[in-house]
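A quick write-up on the structure given underneath.
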Amino acid sequence: MKLASLAHGRDGRLVVVSRDLTRATDAFPVVATLQAALDDWQRHAPRLADLAEGLEHGSVPSFRFHEHDCASPLPRAYQWLDGSAYVNHVDLVRKARGAQMPESFWTDPLMYQGGSDASLGPRSPVHARSEEHGIDFEAEIAVVTGDVPMGVTAAEALGHIRLVMLANDVSLRNLIASELAKGFGFVQSKPPSAFSPVAVTPDELGGAWRDGKLHLPLLTQVNGKPFGKPDAGVDMTFDFGALIAHAAKTRPLGAGTIIGSGTVSNRDKAGGPGLPVAKGGLGYACIAEQRMVETILEGAAATPFLRFGDSVRIEMKDAAGHSIFGAIEQDILPHV
């Protein structure tokens, strides 16, 4: 089934959405919010699935679904943990600055805890105080978990995934280096993230969801022009089971925890840095990676970070070309 939260108060109004994203029905007769549904998933999920079935058959009241009416599926979440599952992306970061990547990065995931008290809506603008902060998007896959026990194995962790969605992990690149140099993680360089209008249960993804990975291209556009189409199932060193198990190694995770994949990143066919879309490659899921490749191949970065007035679109389509999650579409605007 497909679920969304219409903008309403702090926690949204839960609706069930049709597979083609054209219609919705109110979930209130079952449960009012997505967080409440996740808190008692075993009880609520079957009834929400019945609503989804009724919606497809036209047997329940429905209304036109508009993505721009949506908040984030979880407008505020108890926890947002973002990994870096595509180690190719991390490797490029190191190479671009002439540093060697530790071998442990291939066996032990990187992860940080971001702010989740107020996620951006999928069509909400990204407000920044200055273009000099190096405004960037990061297109990712994310999952929402139920309650996860401490010490869960990677295989067991897959059974705790309730929903899958897309993410834009907004980054202020020019603030990251000095913040990480303090040795205590991100705060100022990671403003609120955005998530897709719709979150879907893994069974909705069919054969594209396997081995804890989503095997479909993640499509990004900047100012209406194609920027990237890397396959999210390729070059993913750590699947979502491994990421969840990493997060739960020494603590349980509460229902509604969001786990991000990190920036989706593919190597080229020869194993080297991927090429831009304009040169026949799969492109990138963030501007920083294109700049890294430019530095490695050409000696200097040429592509600028986002400017005020720019726009970003992140979407994923099924084999028939239909949008699965709806689109994250955001303008970059100055904070006033």
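Filter LYS225/LYS317; LYS190/LYS249; LYS190/LYS225; LYS269/LYS317; LYS229/LYS279 down to the pairs with a C-alpha to C-alpha distance above 19 Å, please.
Going by Cα-Cα distance, LYS190/LYS249; LYS190/LYS225; LYS269/LYS317 fall outside the 19 Å limit.
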Two-site label geometry, ARG94 and ALA319: point separation in nm, points 7 Å out along Cα→Cβ: 3.7 nm
Inter-label distance, nm, simple model (7 Å from Cα along the C-beta direction), LEU297/GLN42: 5.2 nm
Exposure rank, largest accessible area first [MET111, MET101, MET150; 1.4 Å]: MET150, MET111, MET101
Cut-off under 5 Å, modelled amide H: who pairs with ARG162 long-range: VAL144, THR145, GLY146
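Taking the highest mean first, how do the peptides 316-325, 19-28, 70-79 order by number of other beta carbon atoms within 10 angstrom per residue?
Top of the packing list down: 70-79, 19-28, 316-325.
Write down the accessible area per residue of region 45-194 in Å², having rolled a 1.4 Å probe over the full set of protein chains.
So region 45-194 comes to 46 Å² accessible per residue, rounded to a whole number.
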Hz values of 3J(HN,Hα) by residue in region 100-107 - Karplus curve (6.51, -1.76, 1.60), Gly and Pro given as x: 8, 7, x, 4, 5, 5, 7, 10
Label-point separation, ALA118 to GLU132 (7 Å along Cα→Cβ), nm: 2.6 nm
Accessible surface of the chain, 1.4 Å probe, proportion on carbon and sulfur as whole %: 52 percent
Helical contribution to [θ] at 222 nm, DSSP H n ≥ 4, -39,500 (n - 2.57), averaged over the chain, rounded to 500: -5500 deg cm²/dmol
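Full extension from ALA278 to SER178: what is 0.36 nm times the residue separation minus their Cα-Cα distance, to one decimal in nm?
32.7 nm
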Phi-based couplings in Hz for region 312-324 (Karplus 6.51, -1.76, 1.60; Gly and Pro marked x): 10, 10, 10, 7, 9, 10, 7, 4, 8, x, 9, 5, 8
Percentage relative contact order, region 245-336, counting C-alpha pairs under 8 Å, at least six apart: 15 percent
By average C-beta atoms within 10 angstrom, highest first, the peptides 12-18, 231-237: 12-18, 231-237
Tilt relative to the chain, helix 287-298 - C-alpha long axis, 0 to 90 degrees, to 10: 30 degrees
Proximal charge balance of ASP136 [Cβ under 12 Å; K/R count +1, D/E count -1]: -1
Gap separating the Cα centres of region 18-89 and region 264-336, nearest whole Å: 28 Å
In order through region 195-201: 3J(HN,Hα) via Karplus (6.51 cos²θ - 1.76 cosθ + 1.60), integer Hz, x for Gly, Pro: 10, 4, x, 10, 10, 10, 6
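So, counting K/R as plus one and D/E as minus one, what does the shell of residues with Cβ under 12 Å around PRO46 add up to?
The answer is -1.
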Förster radius 51 Å - calculated FRET efficiency between TRP106 and ASP50, Cβ distance, rounded to 0.05: 0.70
Heavy atoms of THR295 accessible to a 1.4 Å probe, total area in Å² rounded to 10: 40 Å²
Built amide H within the under 5 Å cut-off of GLY283, gap 5+: LYS229, LEU275, VAL277
Net charge, PHE308 excluded, C-beta distance under 15 Å - Lys, Arg +1, Asp, Glu -1: -3
Principal axis box of the chain, alpha-carbon based, largest edge first, Å: 61, 44, 40
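The values are calculated or read from the model by the stated rules, or taken from the named source; none is laboratory data. Keep in mind the model is a prediction, meaning the values are calculated, not measured. Cβ atoms come from the backbone with ideal geometry, glycine included; neighbour counts cover every protein chain shown. In case anyone asks, the SASA skips ligands and DNA or RNA and just uses the protein heavy atoms, side chains included. Shrake-Rupley method; radii C 1.70, N 1.55, O 1.52, S 1.80 Å.
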